[in-house]
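Please read the structure below before turning to the comments.
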Amino acid sequence: MEALQIRFEQVSLLYRPTISVAIGYGLAASLVALVQWTVIDHTVILTWLACMGLVIAGRVLSFISFQRNEPDLHDIKRWEQLFLTGSIAAGLVWGSAGIWLFPHGYFEYQILTLLALVGLSAGGVTTLSALRLPIFIFLALLMTPVTIHFFVEYNDISTAVGGMMIVYTAFLASSAYQSYKNHLENITLRIESINRESHIRETEKRLLQTQRIAHLGGWEWNFENKDLYWSDETYRIFGLQPGDIEPSYEAYIALIHPDDRKKVQHAVKKAVEECTAFHASHRIVLAGQVERFVNQEGEIHVSDTGQAMRMTGTIHDITEHTKLEEQLLQSQKMEAVGTLVGGIAHDFNNILAGMAGNLYLAKKNAQEPDVQKKLARIEQLSLRAADLIKQLMTFARKDRVMMKSLALAPFFKEVLKLLRSSIPENIEIYPSLCSESLQIDGDETQLHQLLMNLVNNARDAVEDEDEPYIKIKLEACNADDAFIHSHRYFKAGAYAHLSVEDNGSGIPENQIEHLFEPFFTTKEQGKGTGLGLSMVFGAVKTHHGYIEVESIEGKGSTFHIYLPLLKNQMLTPEPLHEEEVIEGLGELILLVDDEPNIREMGSEVLSSLGYKVLQASNGIEAVDLFTANKDEVALIVMDIVMPLLGGVKAAELIKNICPDVKLIFSTGYDRGVAFPDISPLTEAVILTKPYNINVLNKMIRQELDA
């Protein structure tokens with residue numbers, strides 16, 4: 001590319017003096033014709049002048065065309081060829097003057113023609129030596145005919161002049177070559193300088209662009225004259241435009257958050273006094289009291305005597321990075337809470353399982369109706385507690401999408417019972433859930449989190465209102481042609497329509513399009529993770545549904561969720577019937593659980609139902625007892641999570657002994673936790689603690705009678 005640039009400059013240099021050369025050609029040609037007019041045939045002179053006129057016209061036209069077309073690098077070869085053609089034409093016409101305008105026997109007239117040609121050749125060295133070929137061809141065509149002519153005169157003076165012409169032509173060629181080298185060197189240096197400057201400007205442009213993208217500014221502080229330099233990005237980080245203020249240490253300190261100033265001043269003082277690296281992470285306050293987080297790094301430059309002279313450094317806007325760290329920490333906290341909830345739920349379920357069994361036995365043995373009534377009330381309360389724990393376990397379950405047929409109305413009704421305790425009492429809740437069950441293909445965990453996040457979002461929105469309320473409505477919705485006309489992205493069909501409305505602060509219109517982006521939040525720092533609505537959006541898409549938002553700033557918001565209903569599903573729940581108690585026939589059941597209370601209660605309940613019972617406190621005891629009584633054990637009720645040997649491993653060992661053994665697992669954990677995906681027993685019958693005794697009895701009979 002550089003070679004092409006050099007060629008372009010050389011050719012451009014040739015075209016610059018074209019007009020002055022044309023004028024010189026015209027004057028010289030006229031002078032020669034005038035001098036030779038009395039000794040040369042007029043027809044020859046006029047013919048020669050006509051040829052010269054064509055050469056001059058061609059030169060002028062090529063110059064004008066070059067200026068108008070402004071050729072680029074890749075077009076310069078054509079213009080070089082055009083100029084070379086013009087140089088050949090000029091050399092031929094001027095060279096012919098040494099033949100046609102060289103009168104025999106008139107030495108003084110010959111000398112006049114010679115002087116004109118010598119002057120033109122010298123001028124050619126000046127104007128044509130930017131390239132070698134044009135000047136060398138021009139000199140050869142111009143000087144050769146007249147030199148030969150002097151030699152053919154056959155007298156001493158003519159021969160001497162011819163010899164001088166050869167020497168002079170060689171001198172001109174040498175001068176032309178030296179001029180060519182000088183032109184080439186100057187052009188090369190100029191292009192290198194231009195390219196270097198262009199590279200520097202491009203590098204500066206890229207550096208500024210990189211700093212802008214990375215929010216990374218630069219600065220330099222001279223301790224001797226107190227001058228402080230800021231890059232353009234440094235100004236922007238401070239919320240300013242270059243030139244808005246005169247940078248100074250005092251101006252910089254004034255932009256730092258008041259609570260961070262002493263820390264930064266101490267870091268600066270230490271770096272200057274000890275000539276060590278400067279490091280500070282702090283807040284700055286922009287116009288409108290907007291806070292940003294920045295990180296600064298600097299190094300001290302010292303003199304030969306070890307004195308600090310100046311400090312150069314960078315300032316990096318880390319606001320977004322800091323927010324992401326905080327949101328990640330909050331998300332990790334929520335994950336830890338979920339794990340904790342799962343463990344607590346397991347312990348509560350074991351306690352409730354013991355209560356449920358003992359209540360069953362107490363009701364069975366109680367004779368007085370009033371006592372039975374009170375026991376039934378206690379049983380209802382324990383079942384309410386079990387529902388609460390079930391919801392907590394649903395919250396604790398993570399990253400497991402388990403789609404199944406789900407009655408949405410009763411499910412949301414139970415979720416709202418759990419959520420009501422998290423809503424301040426001054427906020428009115430207006431639930432309106434339809435009587436239809438609204439069967440969908442759904443995941444309990446995601447739907448639970450969907451409603452929880454929408455309600456919590458509404459709660460935060462109304463906290464500053466005088467009469468805050470949240471309206472939650474669930475109804476069936478049919479997406480017919482009229483509905484599709486105003487909701488073109490919907491598919492026709494039946495939907496469950498959930499709406500959560502609040503009378504809170506509303507959402508600015510320019511923020512609605514960002515609501516469902518991960519980590520985007522309109523709440524103040526530390527109030528939200530920015531994950532709630534993105535999880536809602538993800539859950540809706542998982543269920544092949546749609547979400548819409550209506551909001552008026554200052555008046556409130558309504559979130560609309562549309563989930564497709566299953567086809568050919570009953571829309572009303574089936575009535576519940578009291579389960580008939582089926583007595584056992586004396587079969588032997590191996591009861592395995594690490595909780596003594598659960599084992600004692602279970603043994604007593606099973607005995608009351610007509611079964612014989614063996615007890616084991618862990619998987620190892622269970623395998624040993626089964627091995628010793630494998631011909632008598634009809635069924636095993638096995639806890640899953642136990643010390644020494646868990647229920648799953650114990651069941652696998654027992655299955656190796658007797659593949660047809662009947663097994664029912666029980667657990668206080670979530671099924672996904674209790675049974676890893678790799679377990680070969682994932683299709684096993686599982687009872688979740690606390691379980692209804694009648695359900696346990698029915699399940700035992702189904703397994704034994706199968």
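The values are calculated or read from the model by the stated rules, or taken from the named source; none is laboratory data. Keep in mind that what you see is a predicted model, and the values were worked out from it rather than measured. Every residue, glycine among them, receives a Cβ derived from its backbone with ideal geometry; neighbour counts consider all protein chains shown. Calculation scope for accessible area: heavy atoms of the full protein, side chains included, ligands and nucleic acids excluded. Shrake-Rupley method; radii C 1.70, N 1.55, O 1.52, S 1.80 Å.
General observations
- Among the candidates T667, T688, T682, T627, residue that is at pLDDT below 85, in contact with a helix residue (DSSP H, G or I) (Cβ under 7 Å, 6 or more places away or on another chain) and either among the polar types (S, T, N, Q) or more than 16 Å from A353 (Cβ to Cβ) (or both): T667
- The residue that is surrounded by the fewest Cβ atoms within 10 Å (Cβ to Cβ), among those in region 211-222 that are at pLDDT 90 or above and not acidic (D, E), is N222.
- Among residues of region 51-78 that are modelled with pLDDT under 85, those with a beta-carbon under 6 Å from a residue that is open to solvent by less than 50 Å² (accessible area, probe 1.4 Å) at least six positions away or on a different chain give the pairs P71/W79; L73/F8.
- Beta carbons closer than 6 Å, at least 6 apart along the sequence or on distinct chains, pair a first residue in region 418-440 that is within 24 Å of Y495 (Cβ to Cβ) with a second that is among the basic types (K, R) and not in a strand (DSSP E or B) for L433/K413.
- Flag if L141 is within 60 Å of the chain's Cα centre (by Cα) and either in contact (Cβ under 8 Å) with a residue 60 or more places away in the chain or open to solvent by 40 Å² or more (accessible area, probe 1.4 Å) (or both): no
- Residue in region 115-125 that is farther than 21 Å from F83 by Cα, without any contact (Cβ under 8 Å) to a residue 60 or more places away in the chain and not small (G, A, S) present: yes
- Taking the conditions (1) open to solvent by 10 Å² or more (accessible area, probe 1.4 Å); (2) outside any loop (DSSP other than H, G, I, E, B) in turn, G105 satisfies each one other than (2).
- Residue-level analysis places K398 outside the set of residues that are modelled with pLDDT of 85 or more, within 17 Å of V536 (Cβ to Cβ) and open to solvent by 60 Å² or more (accessible area, probe 1.4 Å).
- Pair list, Cβ under 8 Å, 6 or more apart: region 232-249 residue more than 17 Å from V294 (Cα to Cα), other residue open to solvent by 60 Å² or more (accessible area, probe 1.4 Å) and in a loop (DSSP other than H, G, I, E, B): S248/K226
- Cβ-Cβ distances below 8 Å connect the following pairs, each with a first residue in region 185-212 that is without any contact (Cβ under 8 Å) to a residue 40 or more places away in the chain and closer than 30 Å to I318 by Cβ, a second residue that is open to solvent by less than 80 Å² (accessible area, probe 1.4 Å) and among the small types (G, A, S), and a separation of six or more residues or different chains: L208/S231; Q211/G217; Q211/G218; Q211/S231.
- Whether a residue is under 22 Å from T127 (Cα atoms) and either assigned to a helix (DSSP H, G or I) or not basic (K, R) (or both) was assessed, and G53 passes this test.
- Of the helices (runs of 4 or more DSSP H) lying entirely inside region 232-320, not one carries at least 2 residues that are at pLDDT 95 or above and either aromatic (F, W, Y) or surrounded by 13 or more Cβ atoms within 10 Å (Cβ to Cβ) (or both).
- Members of region 602-634 found to be aliphatic (A, V, I, L, M), out of contact with any Asp or Glu (no Cβ under 6 Å at 6 or more places or on another chain) and in a strand (DSSP E or B), listed by number: V613, L614, A616, V633
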